[in-house]
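So the structure is just underneath, and the comments pick up after that.
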Amino acid sequence: MTSPTPRARFQMPRTVIAPVLAMVVLFSAYLATAAPDLTFWDASELVTAARTLGIPHPPGTPLWVLIARVVSKAFSNTGPARAVTMVSVLASALVGGVGASMLQRWVGSRAAVVGAVIAGTMTTVWSNATETEVYAVSLLFSALMLAVGEWAGRPGVSDRTRRRARALIVFVAAIAIPLHLSVLVALPAALVFAWAGPRVRVVDVIGWGALALLGVSAVAVLPLLSAAGPELASGHPDSLRALVAVLRREQYQVAGLLPRMAPLWLQLANVFEWADWQVAFGVHPFPTPSVPRTLLTLSFVWLAALGLRTVWRYEARVGRAMLVLLISGTMGVAFWLNMRAGPTFGGSFIAAGAVHEARERDYFFVLGFWSWGLLAGAGLAAISAAMAKRLPAPIAALPLLIGAVPLVANNQVMDRTREPIAMMPRTYARLLLDAVPQRGVLLAGGDNDTFPLWYLQQVEDYRSDVTVVTVPLLGATWYRAALAARRLLPSEAVGSWPGLEATLRSVMIHATDDGREVRVSTLLARADRNRVDRTQGWALQGLVYAPSASTAPGAIALDAAALARAREQLPRSVLAPIPAGADPAVAQMQALLRCTQVRRIDDPLLVSSCNAP
């Protein structure tokens, strides 16, 4: 009698265990805290673009749109908005796997998991992982570029392999143009990683050029998408000139290197402010520094310095590349972008009335903060290794537990499932659309009272009869052309800019002539509202103002009946206290929702929240 043949057992390769474990930990953390629905700023627009194959704001990110469209189909049972957010969740978890894969060569498997988890739970990385944004996918491509560069420069790698890896770096760098230019922040470090090896040949350069053209060619998706006629078609890149304008972001008047939008020292100091939020923002979830939070920040700075020394000793090439990555992702980005001071930064160092950035821009520095986390993990590995020479292994491993600090400290403040945060964008957008009469025209003040509306109208077909006119976009020729096609502007107003007041007045006249009532979002500045029509006043109806011929020009009245209806429609849950550390946009939009609670003309809310006189 023959003995049964033993079953073959699957055994995971040792080199895969650390990356997989890091991905599982990070994926679990991101999944538990990911936004269940829409979020403010660009997210709703990007969800709309992914679901409708539209073109989001310049530079259009066509490769991201295609990736999000395809990958989100795997999560379609979670709902349209959540499905696209899962693209960020998955991409960010994969970033952790790539980071752990590199780290385990330098400092061992256990420390590699710790370093990847530290890097992945820095607040900016975590925040990008839990909403629909381009930066999670961009970070993944950056990490892949770094991994390829690190592989290309390893001792013992054949010249043929090095050349192939260098070609792949060029291809990924070229992909940055149709994906997002932030991928290029990793390029200097990737080149330092891959520096060792054979000299560059002419045939190599020719091959690189061909690969670069192949990568860049994905921008051709933009005119193809535009030709399909999606409702969301920012920039209308249907000609070469329009395509270049979108890719160059011309409608935003992007700042050059000079003159500086703020003193360079202040721009760098702003980066340090954002850095202080990364390790333990939950300890003190406010922009200002605090002793316990800043001490933890400085502790992880010291760990990163120790980690840099550790990887440098392992291999000088690795140390140089990681130093370049840290500098490029922080000071390099600050110098290149030339931004104004953040909305919470500057204080007495900036002149009163100076223009700040519209929102915190820490997400531009995500690669720098991620690399800091990897190096902090290497620093903990060095401490553990030093202790292992004198102490038992279990005790020597205890310092690695410090790597859980960002995971524990940031978990609560990074949780997008909390109310009233979770459903605020959807609730606000529905109520705002409901405040507009059938076939009405809504004049909106910016991203947060526009993008969620686009999502509801174009993805869920909710109140698509309302025409949303986003006032800050009126200066763009393509946008005026879109309004002219909807009979809200004359054709002569498209090619030449008649000024904001003339354009707003023209929208009002054309809407009225077409029998369409106009409403103005309470987010729109009072000065812009008055430019719409200087012959009459405005009646507050809750989330909107309506023209009021019985009110003195520029003055405010209350439409008591409309306000009562708005109060009845408002879920009380959206007025619940906002958790500390939430996106300031949530507080701003909640303040606008409180406009429904106004009952007297002397209510302070009128001035503080509703943009009244």
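What the table shows:
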{"read-out": "Selection status of Leu295, closer than 25 Å to Ile402 by Cα, out of contact with any strand residue (DSSP E or B) (no Cβ under 7 Å at 6 or more places or on another chain) and assigned by TED's automatic domain parsing to the domain that holds Tyr252", "value": "yes"}
{"read-out": "Meets criteria (touching a Cys at 6+ places or on another chain (Cβ under 7 Å) and among the small types (Gly, Ala, Ser)) for Gly537", "value": "no"}
{"read-out": "Residues of region 517-571 satisfying the condition of being of a type in the set (Ser, Thr, Tyr) and more than 36 Å from the chain's Cα centre (by Cα)", "value": "Thr535, Ser548, Ser550, Thr551"}
{"read-out": "Counted residues, region 426-446 - those being closer than 18 Å to Arg505 by Cα and assigned to a loop (DSSP other than H, G, I, E, B)", "value": "2"}
{"read-out": "Inter-residue pairs, beta-carbon under 8 Å, first basic (Lys, Arg) and in region 231-244, second crowded, with 20+ Cβ neighbours inside 10 Å, 6+ apart", "value": "none"}
{"read-out": "Residues being of a type in the set (Val, Ile, Thr), under 16 Å from Leu570 (Cα atoms) and part of a helix (DSSP H, G or I) - total across region 587-613", "value": "1"}
{"read-out": "Qualifying positions in region 258-316 - within 30 Å of Trp195 (Cα to Cα) and either touching a His at 6+ places or on another chain (Cβ under 7 Å) or loosely packed, with under 13 Cβ neighbours inside 10 Å (or both)", "value": "Trp302, Arg313, Ala316"}
{"read-out": "Region 236-290, subset of a type in the set (Gly, Ala, Ser) and part of a helix (DSSP H, G or I), residue farthest from the chain's Cα centre (by Cα)", "value": "Ala242"}
{"read-out": "Residue within region 341-350 that is free of Cβ contacts under 8 Å to residues at least 12 places away in the same chain and either in contact with a Gly (Cβ under 8 Å, 6 or more places away or on another chain) or on the phi < 0 side of the Ramachandran plot (or both) present", "value": "yes"}
{"read-out": "Tally of residues being surrounded by fewer than 15 Cβ atoms within 10 Å (Cβ to Cβ) and assigned to a helix (DSSP H, G or I) across region 190-217", "value": "9"}
{"read-out": "Helices (runs of 4 or more DSSP H) (entirely within region 447-556) containing at least 3 residues that are surrounded by 20 or more Cβ atoms within 10 Å (Cβ to Cβ) and either touching a Lys or Arg at 6+ places or on another chain (Cβ under 9 Å) or assigned by TED's automatic domain parsing to the domain that holds Asp37 (or both)", "value": "451-458, 500-513"}
{"read-out": "Among the candidates Gly79, Gly115, residue that is farther than 27 Å from Thr297 by Cβ and either touching a His at 6+ places or on another chain (Cβ under 8 Å) or not polar (S, T, N, Q) (or both)", "value": "Gly79"}
{"read-out": "Those residues of region 414-439 which are buried (at least 18 other Cβ atoms within 10 Å of the Cβ) and in contact with a strand residue (DSSP E or B) (Cβ under 8 Å, 6 or more places away or on another chain), in sequence order", "value": "Leu432, Leu433, Ala435, Val436"}
{"read-out": "Residue among Arg105, Arg69, Arg51, Arg82 that alone is under 16 Å from the mean Cα position of the chain (by Cα), in the same structural domain as Leu303 (by TED's automatic domain parsing) and not polar (S, T, N, Q)", "value": "Arg82"}
{"read-out": "Condition broken by Trp372, with the remaining ones in (1) at pLDDT 95 or above; (2) more than 22 Å from Thr123 (Cα to Cα) satisfied", "value": "(2)"}
{"read-out": "Matching residues, region 155-189, being surrounded by 19 or more Cβ atoms within 10 Å (Cβ to Cβ) and outside any helix (DSSP H, G or I)", "value": "His180"}
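Residue by residue, here is whether (1) part of a loop (DSSP other than H, G, I, E, B); (2) crowded, with 22+ Cβ neighbours inside 10 Å holds:
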site	(1), (2)
Ala321	no, yes
Val324	no, no
Ile327	no, no
Ala341	yes, yes
His356	yes, no
Val366	no, yes
Leu374	no, yes
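The values are calculated or read from the model by the stated rules, or taken from the named source; none is laboratory data. Nothing here was measured: the structure is a model prediction, and the numbers come from that model. Every residue, glycine as well, gets a Cβ built from its backbone with ideal geometry; the counts of neighbours run over all protein chains shown.
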